[in-house]
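Scroll down for the structure; my scribbles are underneath it.
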Amino acid sequence: KAAQTATIQRNITLRDNDMTLTTDFLIYHVDTEIANYTGGGRIVSNANKNTLTSNKGIYHSKQDVFYFRDDVVLKNPEYTVNCGTMQYNNLSEVTYFFGPTTIVGKETSMYCENGYYNTKKDLSRFGKNAIITSETTTLKGDSMFYDGNLGVGEVFRNVEIRDTTEDYIIQGDYGKHFEKSELSFVTGHAL
């Protein structure tokens with residue numbers, strides 16, 4: 001059985017129940033319902049108000065999963081994500097990123113080189129050169145977990161918590177910071 005594909009060029013709009021993809025070059029595989037675009041694409045999700053742009057993308061419509069590469073930008077009214085490679089599940093609203101990544105919100109910015117961000121629950125896990133910066137505090141470590149709803153960050157291994165208002169640095173093996181109470185603690189070889 002020969003694979004059925006359609007190649008479409010110029011002013012393309014692909015819609016499903018929740019999202020709209022616009023691009024100028026699209027290859028659609030009919031049997032697998034997978035769409036590939038190159039040369040730039042824009043995806044708008046009405047339900048979660050997300051807009052994503054990238055140079056290359058693959059959309060698995062059966063699973064409602066996207067894979068993006070090259071200059072990936074995800075914008076939401078609450079935050080913006082910039083990275084080189086991203087996987088995004090439109091149903092769960094979970095974003096996985098690979099390579100240098102920044103997430104900038106209204107009060108907090110984050111950097112890592114791999115991790116995930118659950119946009120629905122505002123939960124993040126960051127690895128490799130992870131940094132979270134708020135107005136008064138910078139958290140660094142080998143990996144970290146951040147709960148945006150609770151305003152709580154946990155940092156694991158090579159921990160550094162820097163308070164810019166009081167001008168101090170705490171280092172150790174494990175750290176936790178509570179944004180609302182402005183309380184932090186560090187354990188394990190604390191300095």
Q. Once fully extended, how much extra length lies between I58 and T102, figured as 0.36 nm per residue of separation less the alpha-carbon to alpha-carbon distance?
A. 13.7 nm
Q: Give the shape of the range 85-124 as rounded, prolate or oblate, defined through the alpha-carbon gyration tensor: a ≥ b ≥ c are the square roots of its eigenvalues, a/c under 1.5 means rounded, and otherwise the shape is prolate if a/b is larger than b/c and oblate if not.
A: oblate
Q | Sites T5 and L91, calculated FRET efficiency, Cβ-Cβ separation with R0 25 Å, nearest 0.05 | A | 0.45
Q) Taking the Cα centre of each part, how many Å lie between the range 72-133 and the range 159-191? A) 23
Q: Pull out the extension gain between V30 and R157, defined as 0.36 nm times the separation in residues minus the alpha carbon to alpha carbon distance; nm, one decimal.
A: 41.0 nm
Q | Solvent exposure of the chain as accessible area per residue, Å², 1.4 Å probe | A | 55
Q.
Let me spell out the model: positive unit charges on the Cβ of Lys and Arg, negative unit charges on the Cβ of Asp and Glu, origin at the Cα centre of the range 94-165. What dipole size does that give, in debye rounded to 20?
A. 200
Q | Total lysine pairs under 23 Å (Cα atoms) in the range 61-154, excluding pairs fewer than 8 apart on one chain | A | 9
(Q) Which residues among the range 138-154 fall inside the zone where the amide N is under 18 Å from a point 7 Å beyond the Cα of K180, along Cα→Cβ? (A) 146-154
(Q) With a 1.4 Å probe and all protein chains left in place, how much of the accessible area of the chain comes from carbon and sulfur atoms, in whole percent? (A) 49
Q.
With +1 assigned to the C-beta of every Lys and Arg and -1 to the C-beta of every Asp and Glu, and no other charges, what is the dipole magnitude of the range 1-112 about the Cα centre in debye, to the nearest 20?
A. 200
Q) Ordered by residue, what ³J(HN,Hα) values in Hz, to whole numbers, does the range 8-20 give under the Karplus form 6.51 cos²θ - 1.76 cosθ + 1.60, where θ = phi - 60° and Gly and Pro are x? A) 10, 10, 6, 6, 8, 10, 10, 10, 10, 4, 10, 10, 10
Q: Would you please give the residues with an amide H less than 5 Å from that of F25, counting only those at least 5 places away or on a separate chain, with H modeled from the backbone geometry?
A: R10, T38
Q | Packing-based order for 15-27, 130-142, using average beta carbon neighbours within 10 Å, highest first | A | 130-142, 15-27
Q) If you plug each phi of the range 54-67 into the Karplus form 6.51 cos²θ - 1.76 cosθ + 1.60 with θ = phi - 60°, what whole-Hz ³J(HN,Hα) values come out, in order, with x for Gly and Pro? A) 7, 6, 10, x, 10, 10, 9, 5, 5, 9, 6, 10, 10, 10
Q: Kindly rank 170-182, 85-97 from highest to lowest mean number of other beta carbons found within 10 Å of each residue.
A: 85-97, 170-182
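The values are calculated or read from the model by the stated rules, or taken from the named source; none is laboratory data. Keep in mind the model is a prediction, meaning the values are calculated, not measured. Neighbour counts are summed over all protein chains in view; Cβ atoms, including those assigned to glycine, are modelled from backbone coordinates with ideal geometry. All accessible areas refer to the heavy atoms of the entire protein, side chains included, with ligands and DNA or RNA removed. Shrake-Rupley method; radii C 1.70, N 1.55, O 1.52, S 1.80 Å.
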